[in-house]
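Worksheet: one structure, shown below.
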Amino acid sequence: MTLILAATPLGNPGDVSSRLKSAIEDATIIAAEDSRRFHRLCQDIEVTFTAKVVSFFEGNEEDRTKELLAELKNGATVLVVSDAGMPTISDPGFRLMREAIAQGSQVQVIPGPSAVTMAIALSGLPTDRFSFEGFPPRTAGARSATFEKLRFEERTMVFFEAPHRLKESLSDAVEVFGPERKGAICREMTKRYEESIRGTLSELLSWANSNEVLGEITLVVQGAEIDSALRTANDMVDRVREFEAAGMDRKGAIATVADEFGISKRLVYAAVVDANKMSQ
């Protein structure tokens, strides 16, 4: 009754580990995000297996999790693999892992390739602290709101993105983080057409607008300068007070400063309220 989560190559089958090969050979059930891609991987790495292979993707995750938990209780060795990288990282597997632990099953993880850490290394941006933010929301409003919450995040940020949405995401990133914030587009990592584009977000957007964007995309964005949120808040409050001193009412001053800084009025209002509390 053992559940094994195993990382698979991002694209180059030469990155497969010997532990993964052994786990494929020894498993009694293999839950694969895409069974066809899994069979292709086994052909590429010349591994044979006797396990029953079942599909395990977002659409059937809830029902399949129940089935796999029952198999674990009956003594099965269940191996979970995604199309690339580690299961549970923007892929199914988290619920299964959580419930397997809760029911007392043995659990293991076979480490291996990671698009997140590889992209950070390729980006040339700071690696001492970073955050993985997954896929940004698909709709423009929700995506901008997500980026807004990360405006002052000081850690290097890593996002996954679909190639057909990269332009829109970069456009929103330029708007929220600023055109001079540095970043990197890491495309088709470990594959034949691997490519890394580095520069300011404005330069990355220009590249995306000038090229056909294909393949798996990982976007890395530099974190904000240390204490920039505090400095910006102080700057906003000072500007509001300048406009008020010139005769503008507070509501108008906040709206003007929000336009000037390119941020929401809510953030300016919150900065003013906090500053007033501190001065009391």
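Data overview
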quantity: Positions within the stretch 248-280 being among the basic types (Lys, Arg) and either within 21 Å of Gly141 (Cα to Cα) or in contact with a helix residue (DSSP H, G or I) (Cβ under 7 Å, 6 or more places away or on another chain) (or both), in sequence order; calculated: Arg250, Lys265, Arg266
quantity: Evaluation of Thr190 against (1) part of a loop (DSSP other than H, G, I, E, B); (2) at pLDDT 95 or above; (3) out of contact with any Gly (no Cβ under 6 Å at 6 or more places or on another chain); (4) buried (at least 17 other Cβ atoms within 10 Å of the Cβ) (one fails), failing number; calculated: (3)
quantity: Residue count for the stretch 128-152, restricted to those that are assigned to a loop (DSSP other than H, G, I, E, B) and either more than 15 Å from the chain's Cα centre (by Cα) or touching a residue at least 60 places away in the same chain (Cβ under 8 Å) (or both); calculated: 5
quantity: Which numbered condition Ser196 fails, given (1) assigned to a helix (DSSP H, G or I); (2) in contact (Cβ under 8 Å) with a residue 40 or more places away in the chain; calculated: (1)
quantity: The stretch 13-45, residues that are of a type in the set (Ser, Thr, Tyr) and in contact (Cβ under 8 Å) with a residue 60 or more places away in the chain; calculated: Ser17
quantity: Per-region count, the stretch 157-179, residues buried (at least 22 other Cβ atoms within 10 Å of the Cβ), among the aromatic types (Phe, Trp, Tyr) and under 24 Å from Gly85 (Cβ atoms); calculated: 1
quantity: Positions within the stretch 201-226 being among the polar types (S, T, N, Q) and over 15 Å from Leu122 (Cα atoms), in sequence order; calculated: Ser202, Ser206, Asn209, Ser210, Asn211
quantity: Any chance Val78 is crowded, with 20+ Cβ neighbours inside 10 Å and either without any contact (Cβ under 8 Å) to a residue 40 or more places away in the chain or of a type in the set (Val, Ile, Thr) (or both); calculated: yes
quantity: Failed item, numbered, when Gly14 is tested on (1) in a helix (DSSP H, G or I); (2) closer than 19 Å to Val109 by Cβ; calculated: (2)
quantity: Test set (1) touching a strand residue (DSSP E or B) at 6+ places or on another chain (Cβ under 7 Å); (2) surrounded by 19 or more Cβ atoms within 10 Å (Cβ to Cβ) - Ser131 fails condition number; calculated: (2)
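Rundown of residues vs (1) surrounded by 15 or more Cβ atoms within 10 Å (Cβ to Cβ); (2) of a type in the set (Asp, Glu); (3) modelled with pLDDT under 95; (4) under 28 Å from the mean Cα position of the chain (by Cα), yes/no style:
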residue	(1), (2), (3), (4)
Asp15	yes, yes, no, yes
Ala23	yes, no, no, yes
Ala27	yes, no, no, no
Gly59	no, no, yes, yes
Glu71	yes, yes, no, no
Thr88	yes, no, yes, yes
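The values are calculated or read from the model by the stated rules, or taken from the named source; none is laboratory data. Just so it is clear, the structure is predicted and the values come from calculations on it, not from any experiment. In this analysis, Cβ positions are derived from the backbone assuming ideal geometry, glycine residues included, and neighbour counts consider all displayed protein chains.
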